[in-house]
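For reference, the structure is listed below as structure tokens.
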Amino acid sequence: MTLEEKIGQMNQISSYGNIEDMGVLIKRGEIGSILNEVDPVRVNALQRVAVEESRLGIPLLIARDVIHGFKTIFPIPLGQAASFNPGIAEEGARISAIEASAAGIRWTFAPMIDIARDPRWGRVAEGCGEDPYLTSVMGVATVRGYQGESLSDPTSIAACPKHFVGYGAAEGGRDYNSTFIPERQLRNVYLPPFEAAAKAGAATYMTSFNDNDGVPSTGNKFILQDVLRGEWGFDGFVVTDWASATEMIAHGFVADAKEAALKSVNAGVDMEMVSYSFVNYLPELIKEGKVKESAINEAVRNILRIKFRLGLFDHPYVRETTEDIFYAEAHLEAAKRAAVESAILLKNEGILPLKESVCTVAVVGPLADAPHEQLGTWIFDGDKNYTQTPLAAIRQLYGDRVEVIYEPGLSYSRDKSTEGISRAVAAAARADVVLAFVGEEAILSGEAHSLADLHLQGAQSQLIEAVAATGKPVVTVVMAGRPLTIGRQVELSAAVLYAFHPGTMGGPALADLIFGKEVPSGKTPITFPKMVGQIPVYYAHHNTGRPASRTETLIDDIPVEAGQTSLGNTSFYLDAGFDPLYPFGYGLSYTTFRYDNIRLSDSELKKNDILTVECDITNTGEYEGTEVVQLYVQDKVGSVTRPVKELKRFTRVNLKPGETRTVVFDLPVEELAFWNIDMVRTVEPGDFGLWVATHSQSGDEFSFKVMD
Ligand code: BGC
């Protein structure tokens, strides 16, 4: 390969114009990958130029953001994470790969496995929430789903765990903002999902937009070379985020595009997304000896290795018919299952599932029939005409059982006009139950869509107040890209179902949950704050020297002219106390579960032992249901302070009424390792607490000891 041909492989462009325009560059070997090309006929035409008309015939790698579905849209990843079911993530990714590869796409920029503990950040929707273990499990499942059994399977697409790394810790939840994550926290919290994805064979990685402690990820040799390649043995390739190489100019990390190319390549970036600094400046940087040709050779090898693994050299073309693949019946069924399992029942005063005695339902709220909005963020290819909304599904599936009166009250989530609310109230007055579908439009979360206020937008709060004032029981269903501060709406509602943005099949899934054909089983994958001022609020925090007792005097009980009191006080907010609205791992069912007989195989273990924990779970209610059983540990004393709890295992267990099953967790002691005071990953001997529980704030504490 000539130097220009090598650098060409390192260049990714976004599709533009006609085939001839791009063909000129492809023919000269100046493009390695194209993103945002989704028409299989065009993909084949472009590929033909690369394979048949360029000197070396190297096929292009066609990429697209297929984040939670290509055509058939699954719940947003945060919703999928609420299922605590890696099978849901794997199946969703597999189907996405089947649909996307049919269009000629062989590479997607997913999974997004940024740990996010700030729901103001719009991109919280794209990831699995706050927990490194849950995110690792879901991330690995997603990689498996995209990449299939073998990358060379024509329905496999290369995964790209992103954003490497720390992007979710953006200060103040404002997108693209700086992060300040010290190395120990980086290693204990932010890196584990990426390490798990590397071990699962993820083919590519994407750098992140943020600068961490002053170093933009795209120029960060420590994470791209020392950790990713050195420590984890990654042999795929690293792509920048969109123009994140040249964005280092705005960061103030490089002076110009030439220095951007220099610092990116020398840090370990292999491919540049859309900002052309590599093609424009690498030739002279090599001539000047600032970039070694060996670095270019390495990058090209990394890229070609993945192209070979994808089988692109043998099968560069796709068949050009997609009708039997897009929105296939089986895909829609899987999307519905995912939406069922993603919904979290946050409150239920016995109103759900709706009883036979309910004859009339008032369906209100701007999200009841919003085919575009329920798909959520990052939907380039999903067609809203295939969306099944809750209103349509209730009418279609349960229209013979109940009379449905539809009065949205507001026309979209930000609608401030209260004019329609009186009609919604009139509908509520005529109904036995109000079903209120509220939340956020798709555009209010996702990239560059951070919010400082997490209350329901527009006049939605007034709508809920008004329908609740009729005295009719209100079932509030929230569709959103993030946890919203819905404390007041929870108070006013007889039941609350949190559905996130549930995707194409959200309607039938929610209808079946509401009418009892399905039973909710989702759990919060991220802490729900009471108010924005509590953020960051997450379960795996460290203790202060003055942990909250939850008996603190709150603002309304402080006498006027109270004297200064700080001694003996604790770490809490005068106005919000200490606890969130809902803790991590929380979610109800229509049935109830009892946890009995929790037993540990040993009370003293050595570092290479496996702790076996068993628990009998009984369905004590009247519905068949699924419980997500969670195992948490606490390392009591460390060379550095440790989280008060860490999720280490979870499993879903389905039980018929009255049925008991024993859940068994095997936990190798080595999984208690963390990066300690010497920045060494190790298990420190000592006392541990252990909980097997229904959420992160419940359950009795057990204990065991790790011996020297
Ligand atoms: C986003 C990435 C995405 C890329 C390509 C960027 O703006 O941060 O997550 O994959 O665009 O569309």
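With N set to the number of residues, divide the alpha-carbon radius of gyration of the range 64-304 by 2.2 N^0.38 Å and report two decimals.
My calculation over the Cα atoms of the range 64-304 gives 0.97.
May I ask for the angle, rounded to the nearest 10°, between helix 506-515 and the longest principal axis of the chain, with both axes built from Cα atoms and the value confined to 0 to 90°?
Taking the Cα atoms of the chain, the angle to 506-515 is about 20 degrees.
What is the angle, in °, between the Cα long axis of helix 257-267 and the longest principal axis of the Cα atoms in the chain? Nearest 10 is fine, range 0 to 90.
Its long axis makes an angle of about 80 degrees.
Lysine pairs, Cα distance under 20 Å, 8 or more residues apart or cross-chain: how many in the range 593-706?
The result is 12.
On a C-alpha basis, how far is the centre of the range 643-657 from the centre of the range 385-406 in Å? Whole number, if you could?
34 Å
Using all alpha carbons of the range 257-349, what is the percent of pairwise distances in each 5 Å bin, ordered from the shortest bin to the longest?
2, 10, 13, 11, 9, 8, 9, 9, 10, 9, 6, 2, 1, 0, 0
Any chance you could give the angle, 0 to 90 degrees and rounded to 10, that helix 293-309 forms with the longest Cα principal axis of the chain?
Orientation of helix 293-309: about 60 degrees from the principal axis.
Along the Cα-to-Cβ line of S703, 7 Å from the Cα, sits a label point; which residues in the range 624-655 have backbone N less than 15 Å from it?
634-638
Could you grab the Rg to Rh ratio for the chain? Cα atoms only, Kirkwood for Rh.
Looking at the chain, the ratio lands at 0.99.
Where does each of 392-400, 542-550 land if you order them by average Cβ count within 10 Å, highest first?
392-400, 542-550
List H331, H315, H455 from most exposed to least, where exposure is judged by having the fewest other Cβ atoms within 10 Å.
Ascending Cβ contact count within 10 Å gives the list H315, H455, H331.
Please compute, for the alpha-carbon atoms of the range 144-255, the extent along each of the three principal axes and give them in descending order in Å.
Over the range 144-255, Cα extents along the principal axes are 43, 29, 26 Å.
Within the range 197-336, how many Lys pairs that are eight or more residues apart, or on different chains, come under 16 Å at the alpha-carbon?
Final tally of qualifying lysine pairs is 9.
Taking a cut-off of 18 Å between Cα atoms, list the aspartates and glutamates near K347, but don't count ones fewer than 8 places away on the same chain.
Excluding near neighbours in sequence, the set is E465, E491, D512, E518, D579, E622, E627.
Taking the beta-carbon count within 10 Å as an exposure proxy, list V364, V637 from fewest neighbours to most.
Going from least to most buried by this count: V637, V364.
A short reminder: the numbers here are calculations on the coordinates, not readings from a lab. No experiment lies behind these values; they were computed from the predicted model shown. A quick note on method: Cβ atoms are made from the backbone with ideal geometry, for glycine too, and the neighbour counts reach across all protein chains shown.
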